[in-house]
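Below: the structure, in structure tokens.
Rule-based calculations on the coordinates, nothing more; no lab input. Predicted, not measured: the structure shown is a model, and the values here were computed from it. Glycine gets a Cβ as well: all are built from the backbone with ideal geometry, and neighbour counts include every protein chain shown.
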Amino acid sequence: MPNIDEIFNISEQPFTKKDKELLIKSYEFAQKAHDGQKRDSGEPYFIHVFETAKNLTKLGMDANTIAAGFLHDTIEDTAVTEEDVKREFGDEILFLVKGVTKLGTLKYRGHERHVESLRKFFLAMAQDLRVVTIKLADRLHNIQTLSHKAPEKQKRIALETIEIHARLADRLGMGKLKSELEDAAFPFAYPKEYTEIEALVKDKVEEYKQCLSDVHVSLEKILKEERIAYSEISYRIKHKYSIWKKLHRYDMDIDKIHDIVALRVVVKNVDNCYRVLGLIHAEWKPLPGRIKDYIALPKPNGYRSLHTTILTNSGCIAEIQIRTTEMHAEAAYGIAAHFAYKENAEQKGHDDASKFKWLEDLQNFNTTQKEQKKFLDNLKTDFFGDRIFILTPKGDVVDLPEGSTAVDFAYAIHSDIGEKMAGVKVDGRMASIEDVLKNGSVIEIITRKDAHPSAKWLEFAKTNLAKRHIRAYIEQNSLMAKFKSFGQS
Ligand code: MN
């Protein structure tokens, strides 16, 4: 049986004595509850809940969440009752375990179910991110042991992981978890393609490392001369599923992808990120249109970094990514990084601390009904800010400001869709385009060739993007009208 010390050892933040007591208690409780149960692999079932708890520890989650990870299958799969968990571990942990149990019955059964599952997840996320995180940690172990499942189940579970769980991890900014989920699922979801990519990537990785090694050496020298402290210069290898997805966008031509291996520079602060970028551009020629400032303009999931692609002295093209230590942790752990880096952020008086105030509330979670409601309300408003998540019928997620209408959604997908919008279906039923959209709805925009925007739309468009497009259309058309009448007179 795995030892609880394994959990204590991998945690970056040391656990308090009270935390340790809780973790030992939940470890022993789960071990007893699952006693005699076996997985398809023949391993004791307890290994699975242990690995789930371990994944949560690696993600930097708090002790209560890890404890709930140990217990996550007890109510559903053992003789343990809700009352037992409540009596032994209290309301908060019961709340988490029940949340995971409720999410447990999601299945990818073709298209509709998949959208429905995503929606269920997003609504659960609005309630408590920890429930979703436990579910993702659970899924990661399940997908890593997928070879023990019956072959006909493998593909469905793998697709479900890519379409639902990985997307969700991405949305939470948990880049590392997303990559692990996708790469573990990839060979089962698309076996033929996986084999192809594996062969392609093998050669390329060596080629790129070779190409970047000169840059690596020179860059270290430059940073030393300029006295810029860095905590890390390393190679990051793009994960296989992500290469495969990118290949589709580049006519399957691997020579068009320049970030299979990237050099990653981690420095202390934002100022130094820009200084390093300047020094790199002074030394090597950057490729035009390839400089991306995700610090000034973070990705929707919170990802921050500077990216540039350079022509090296040996004539190859390669990407360099520059970020701070804090951005580095956030890119890997997303929302969870704020647990581990909370103290750090407070010391620096970082403004993120207030943005993620709800995370502190998580740790001080109180059990009274009233407190619980207040806590959930805070979670909703602070995490989502004033954002809502809307799904396309295909399951793509679009986030919009609260108060958005179908007009905003249509333009957010594509300006052509906005321009030709003739109506809208909300959750499969016709609705008015003036209606305010609700979090988690599935929206389908009906387009018609002869449809066009009207000035009235400006009254219920919320986003600047939509307003800009509508105004541009109206101006253009009134000009056209004037022009026409001019020609006639
Ligand atoms: Mn499980």
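At a glance:
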read-out: Stokes-Einstein D for region 189-304, Kirkwood Rh over Cα pairs, 10 °C, 1.306 mPa s (µm²/s); value: 99
read-out: Packing-based order for 308-321, 57-70, using average beta carbon neighbours within 10 Å, highest first; value: 57-70, 308-321
read-out: Longest to shortest principal axis, alpha-carbon extents of region 197-261, angstrom; value: 42, 17, 17
read-out: Sequence of W457, W244 once ranked by neighbouring C-beta atoms within 10 Å, starting from the fewest; value: W244, W457
read-out: Protection proxy ranking of 290-298, 417-425 - average other beta-carbon atoms within 10 Å, highest first; value: 417-425, 290-298
read-out: Packing-based order for 77-88, 405-416, 23-34, 267-278, using average beta carbon neighbours within 10 Å, highest first; value: 405-416, 23-34, 267-278, 77-88
read-out: Pairs beyond 24 Å (Cα-Cα), from K149/K245; K135/K192; K58/K192; K17/K54; K299/K462; value: K149/K245; K135/K192; K58/K192
read-out: Under Karplus coefficients 6.51, -1.76 and 1.60, residue-wise ³J(HN,Hα) of region 434-442 in Hz, glycine/proline x; value: 8, 5, 6, 7, 9, 3, x, 6, 9
read-out: Members of K102/K238; K38/K202; K204/K246; K256/K394 lying beyond 25 Å, as alpha-carbon distances in this model show; value: K102/K238; K38/K202; K256/K394
read-out: Given charges at beta-carbon only (K, R positive; D, E negative), |dipole| of region 211-340 in Debye; value: 300
read-out: 9 Å beta-carbon shell around I75, net charge (K/R +1, D/E -1); value: -4
read-out: Trypsin sites (Lys or Arg not before Pro) within region 176-237, DSSP loop, no more than 11 other Cβ atoms inside 10 Å; value: R227
